[in-house]
């Protein structure tokens, strides 16, 4: 018999309470964003001197942070099922 809990099942069925702070607090996030904004010109200067290959690699990684990836078939199907369940649950 396997030890531990099954995937998707935890010892805390109620889950994390709504509004609970994340590990990375809002003030830390604000400081990180402020630092990035302060150094933004430096980042663009560095991007401009990269080789085309390195520039494209860097831009590809940055885009991953900004643009969400498309759902695969399994995720899309699960989303549709969950949406239908919620509609039925709330008679919408």
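Annotations
- Residue list for region 1-54, filter: at pLDDT 90 or above, loosely packed, with under 10 Cβ neighbours inside 10 Å and in a loop (DSSP other than H, G, I, E, B): 51
- Among the residues of region 63-83, those identified as part of a helix (DSSP H, G or I) and within 13 Å of the chain's Cα centre (by Cα) are 63, 64, 65, 66.
The values are calculated or read from the model by the stated rules, or taken from the named source; none is laboratory data. Only a predicted model underlies this, so the values are computations on that prediction, with no experimental measurement involved. Note that each Cβ is placed from the backbone with ideal geometry, even for glycine, and that neighbours are counted across all protein chains shown.
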